[in-house]
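Colleague: Structure provided below as C-alpha coordinates; questions to follow.
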Amino acid sequence: MSTIAQTYVAKDFNLAGLNGISDKTLETHFGLYKGYVTNTNTLNEQISGLIKNGKAGSADPAYAELTRRLGFEYNGMRLHEYYFGNMTANGKGQPNSETKLMKAITESFGDFETWKTDFVKVGGMRGVGWAITFQDPFTSRISNHWVTLHEDGNPAGFKPILVMDVWEHAFLLDYKPAERPKYIEAFFSNIDWDVVDQRID
Ligand SMILES: [Fe+2]
(Lines give C-alpha, C1' and ligand atoms only; values in the text may rest on other atoms or scores of the structure.)
Protein backbone atom coordinates (compact mmCIF):
# COMPACT_ATOMS: atom_id res chain seq x y z
CA MET A 1 0.00 0.00 0.00
CA SER A 2 1.23 3.48 -0.64
CA THR A 3 -0.07 6.90 0.24
CA ILE A 4 1.23 10.44 -0.05
CA ALA A 5 0.79 12.87 2.85
CA GLN A 6 -0.45 16.34 1.96
CA THR A 7 1.96 19.09 3.04
CA TYR A 8 0.79 22.66 3.63
CA VAL A 9 2.90 25.80 3.70
CA ALA A 10 2.06 28.67 6.08
CA LYS A 11 0.93 31.80 4.24
CA ASP A 12 2.18 35.31 5.00
CA PHE A 13 -0.27 38.10 5.80
CA ASN A 14 0.65 41.77 5.79
CA LEU A 15 -1.67 43.27 8.40
CA ALA A 16 0.53 45.80 10.23
CA GLY A 17 -1.32 48.89 11.45
CA LEU A 18 -4.81 47.46 11.96
CA ASN A 19 -7.28 49.57 13.88
CA GLY A 20 -7.63 48.38 17.51
CA ILE A 21 -5.77 45.07 16.97
CA SER A 22 -2.10 45.58 17.77
CA ASP A 23 0.89 44.36 15.77
CA LYS A 24 1.96 42.50 18.91
CA THR A 25 -1.34 40.58 18.92
CA LEU A 26 -0.92 39.77 15.23
CA GLU A 27 2.67 38.59 15.73
CA THR A 28 1.56 36.19 18.49
CA HIS A 29 -1.43 35.11 16.41
CA PHE A 30 0.67 34.38 13.29
CA GLY A 31 2.87 32.19 15.51
CA LEU A 32 -0.17 30.22 16.68
CA TYR A 33 -1.39 29.87 13.08
CA LYS A 34 2.00 28.47 11.98
CA GLY A 35 1.67 25.91 14.79
CA TYR A 36 -1.58 24.67 13.23
CA VAL A 37 0.12 24.30 9.83
CA THR A 38 3.02 22.36 11.38
CA ASN A 39 0.70 20.12 13.40
CA THR A 40 -1.53 19.44 10.39
CA ASN A 41 1.51 18.34 8.38
CA THR A 42 2.81 16.17 11.25
CA LEU A 43 -0.57 14.47 11.71
CA ASN A 44 -0.93 13.82 7.99
CA GLU A 45 2.52 12.22 7.94
CA GLN A 46 1.78 10.06 10.97
CA ILE A 47 -1.59 8.92 9.64
CA SER A 48 -0.08 8.31 6.23
CA GLY A 49 2.65 6.20 7.86
CA LEU A 50 0.07 4.05 9.63
CA ILE A 51 -1.87 3.54 6.39
CA LYS A 52 1.32 2.64 4.52
CA ASN A 53 2.30 0.05 7.12
CA GLY A 54 -1.18 -1.43 7.25
CA LYS A 55 -1.43 -0.28 10.90
CA ALA A 56 -4.49 1.95 10.51
CA GLY A 57 -7.21 0.24 12.51
CA SER A 58 -10.51 1.54 13.82
CA ALA A 59 -9.90 -0.15 17.16
CA ASP A 60 -6.41 1.35 17.54
CA PRO A 61 -6.70 4.27 20.01
CA ALA A 62 -3.57 5.95 18.59
CA TYR A 63 -4.94 5.94 15.04
CA ALA A 64 -8.35 7.18 16.25
CA GLU A 65 -6.80 10.01 18.28
CA LEU A 66 -4.57 11.16 15.40
CA THR A 67 -7.56 11.16 13.06
CA ARG A 68 -9.71 13.15 15.50
CA ARG A 69 -6.92 15.67 16.09
CA LEU A 70 -6.60 16.23 12.36
CA GLY A 71 -10.04 17.88 12.34
CA PHE A 72 -8.92 20.31 15.06
CA GLU A 73 -5.53 21.21 13.55
CA TYR A 74 -6.70 21.36 9.92
CA ASN A 75 -9.67 23.59 10.68
CA GLY A 76 -7.46 25.70 12.97
CA MET A 77 -5.12 26.26 10.02
CA ARG A 78 -7.81 26.99 7.43
CA LEU A 79 -10.03 29.22 9.58
CA HIS A 80 -7.03 31.40 10.50
CA GLU A 81 -6.27 31.80 6.78
CA TYR A 82 -9.83 32.96 6.12
CA TYR A 83 -9.69 35.27 9.17
CA PHE A 84 -6.36 36.96 8.38
CA GLY A 85 -7.37 37.01 4.72
CA ASN A 86 -10.56 39.00 5.39
CA MET A 87 -8.81 41.86 7.22
CA THR A 88 -6.92 44.91 5.95
CA ALA A 89 -5.37 48.01 7.47
CA ASN A 90 -7.46 50.00 4.96
CA GLY A 91 -10.87 48.83 6.15
CA LYS A 92 -13.89 50.96 5.34
CA GLY A 93 -17.37 51.01 6.88
CA GLN A 94 -19.50 48.57 4.97
CA PRO A 95 -19.68 46.85 1.58
CA ASN A 96 -20.71 48.76 -1.51
CA SER A 97 -24.44 48.45 -2.22
CA GLU A 98 -23.74 47.10 -5.75
CA THR A 99 -21.77 44.06 -4.55
CA LYS A 100 -22.77 40.37 -4.68
CA LEU A 101 -22.19 40.39 -0.93
CA MET A 102 -24.72 43.15 -0.28
CA LYS A 103 -27.21 41.35 -2.51
CA ALA A 104 -26.73 38.13 -0.50
CA ILE A 105 -27.06 40.05 2.80
CA THR A 106 -30.26 41.77 1.65
CA GLU A 107 -31.79 38.55 0.30
CA SER A 108 -30.98 36.59 3.46
CA PHE A 109 -31.37 39.18 6.25
CA GLY A 110 -33.31 42.11 4.78
CA ASP A 111 -30.58 44.68 5.42
CA PHE A 112 -26.94 45.13 6.44
CA GLU A 113 -27.68 46.19 10.04
CA THR A 114 -29.79 43.09 10.74
CA TRP A 115 -27.07 40.80 9.39
CA LYS A 116 -24.34 42.67 11.30
CA THR A 117 -26.31 42.65 14.58
CA ASP A 118 -26.80 38.89 14.24
CA PHE A 119 -23.12 38.28 13.40
CA VAL A 120 -22.02 40.37 16.41
CA LYS A 121 -24.43 38.44 18.68
CA VAL A 122 -23.02 35.11 17.47
CA GLY A 123 -19.49 36.46 18.08
CA GLY A 124 -20.43 37.40 21.64
CA MET A 125 -21.58 33.92 22.58
CA ARG A 126 -19.86 32.39 25.60
CA GLY A 127 -16.98 30.02 24.95
CA VAL A 128 -14.02 30.03 22.55
CA GLY A 129 -14.48 29.56 18.85
CA TRP A 130 -15.45 31.39 15.71
CA ALA A 131 -18.29 33.51 14.33
CA ILE A 132 -18.67 32.77 10.64
CA THR A 133 -20.98 33.90 7.87
CA PHE A 134 -21.36 30.95 5.51
CA GLN A 135 -23.01 30.64 2.11
CA ASP A 136 -25.11 27.57 1.40
CA PRO A 137 -24.07 26.37 -2.08
CA PHE A 138 -27.51 24.80 -2.65
CA THR A 139 -29.62 27.88 -1.92
CA SER A 140 -26.99 30.68 -2.20
CA ARG A 141 -28.35 32.10 1.07
CA ILE A 142 -25.96 33.26 3.77
CA SER A 143 -26.27 32.55 7.49
CA ASN A 144 -24.25 33.16 10.66
CA HIS A 145 -22.86 30.25 12.66
CA TRP A 146 -20.90 29.52 15.82
CA VAL A 147 -18.02 27.08 15.55
CA THR A 148 -16.72 25.68 18.85
CA LEU A 149 -12.91 25.29 19.00
CA HIS A 150 -12.18 24.95 15.26
CA GLU A 151 -14.07 21.89 14.13
CA ASP A 152 -17.41 21.66 15.88
CA GLY A 153 -20.28 23.37 14.07
CA ASN A 154 -18.97 23.85 10.53
CA PRO A 155 -22.08 23.27 8.36
CA ALA A 156 -21.24 20.54 5.82
CA GLY A 157 -20.42 21.92 2.39
CA PHE A 158 -21.12 25.56 3.30
CA LYS A 159 -18.55 28.11 2.15
CA PRO A 160 -16.96 30.51 4.68
CA ILE A 161 -17.60 34.12 3.61
CA LEU A 162 -16.61 36.19 6.66
CA VAL A 163 -14.58 34.61 9.46
CA MET A 164 -13.97 36.13 12.90
CA ASP A 165 -11.76 34.54 15.55
CA VAL A 166 -13.20 34.93 19.03
CA TRP A 167 -10.71 32.82 20.93
CA GLU A 168 -9.26 35.03 23.67
CA HIS A 169 -5.78 34.92 22.11
CA ALA A 170 -7.23 37.06 19.30
CA PHE A 171 -7.61 40.08 21.60
CA LEU A 172 -6.26 39.48 25.12
CA LEU A 173 -3.15 41.64 24.65
CA ASP A 174 -5.37 44.58 23.63
CA TYR A 175 -8.55 44.10 25.69
CA LYS A 176 -9.75 42.48 28.91
CA PRO A 177 -11.63 39.16 28.55
CA ALA A 178 -14.94 40.97 29.23
CA GLU A 179 -14.18 43.51 26.48
CA ARG A 180 -14.82 41.13 23.60
CA PRO A 181 -17.44 43.56 22.15
CA LYS A 182 -14.68 46.21 21.74
CA TYR A 183 -12.52 43.69 19.86
CA ILE A 184 -15.49 42.78 17.64
CA GLU A 185 -16.05 46.46 16.77
CA ALA A 186 -12.31 46.78 16.00
CA PHE A 187 -12.52 43.67 13.82
CA PHE A 188 -15.41 45.19 11.88
CA SER A 189 -13.44 48.37 11.17
CA ASN A 190 -10.67 46.22 9.60
CA ILE A 191 -12.78 44.01 7.32
CA ASP A 192 -11.61 43.80 3.72
CA TRP A 193 -15.06 43.90 2.08
CA ASP A 194 -13.59 43.32 -1.40
CA VAL A 195 -12.16 39.96 -0.27
CA VAL A 196 -15.44 39.03 1.45
CA ASP A 197 -17.39 39.95 -1.70
CA GLN A 198 -15.09 37.79 -3.87
CA ARG A 199 -15.92 34.77 -1.72
CA ILE A 200 -19.62 34.98 -2.65
CA ASP A 201 -20.70 32.65 -5.47
FE1 LIG B 1 -6.79 32.37 16.55
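Colleague: Once the piece of chain linking LEU173 and ASP111 is laid out straight, how much longer is it, given 0.36 nm per residue of separation minus the C-alpha distance between them?
Modeller: Working: separation 62, 0.36 × 62 = 22.32 nm, distance 3.36 nm.
Answer, rounded to one decimal: 19.0 nm.
Colleague: For ARG68, ARG78, give me the order by solvent-accessible area with a 1.4 Å probe, most accessible first, ignoring ligands, DNA and RNA. Intermediate results must be reported in sequence, preceding the final value.
Modeller: Values: ARG68 170, ARG78 70 Å².
From most accessible down to least: ARG68, ARG78.
Colleague: Among ASN86, TYR36, SER140, flag the residue with its Cα farthest along the positive direction of the charge dipole of the chain, charges on Cβ as +1 for Lys/Arg and -1 for Asp/Glu.
Modeller: Towards the positive end, the residue furthest out is TYR36.
Colleague: Would you count, across the chain, every pair of lysines whose alpha carbons are under 22 angstrom apart, provided the pair is eight or more residues apart or spans two chains?
Modeller: Count of close lysine pairs: 21.
Colleague: Right, something else. For the chain, with a Gaussian network of springs between Cα atoms less than 10 Å apart, report the residue from LEU26, LEU50, LEU18 with the top mean-square fluctuation.
Modeller: Residue with maximal mean-square fluctuation among LEU26, LEU50, LEU18: LEU50.
Colleague: Further question: Separation between the ASN14 and GLN94 pseudo-spin-labels, each 7 Å from Cα along Cα→Cβ, expressed in nm?
Modeller: 3.1 nm
Colleague: Filter the chain for me: DSSP H helices, axial length by Cα at least 15 angstrom, mean Kyte-Doolittle hydropathy not below 1.0. List them by residue number. Spell out each step's value before the answer.
Modeller: On the way: long enough: 23-52 (43 Å, -0.54); 61-85 (36 Å, -0.68); 112-123 (16 Å, -0.29).
Span-like helices here: none at all.
Colleague: Along the charge dipole of the chain, which of ILE105, ALA178, ILE47 sits closest to the positive end, that is, farthest toward it, with unit charges on the beta carbon of Lys, Arg, Asp and Glu (+1, +1, -1, -1)?
Modeller: Working it through, the farthest residue towards the positive pole turns out to be ILE47.
Colleague: If I compute solvent accessible area with a 1.4 Å probe over the protein chains, what percent of it on the stretch 26-86 is carbon and sulfur?
Modeller: Values: 1590 of 2990 Å².
Carbon plus sulfur share of accessible area: 53 percent.
Colleague: Just grab the label-to-label distance for ASP23 and LYS159, each label 7 Å out from Cα along the Cβ direction, in nm (one decimal).
Modeller: 3.5 nm
The values are calculated or read from the model by the stated rules, or taken from the named source; none is laboratory data. Keep in mind that this is a model prediction, so the values were computed, not measured. Every residue, glycine as well, gets a Cβ built from its backbone with ideal geometry; the counts of neighbours run over all protein chains shown. For accessibility, only protein heavy atoms count, side chains too; no ligands or nucleic acids. Shrake-Rupley method; radii C 1.70, N 1.55, O 1.52, S 1.80 Å.
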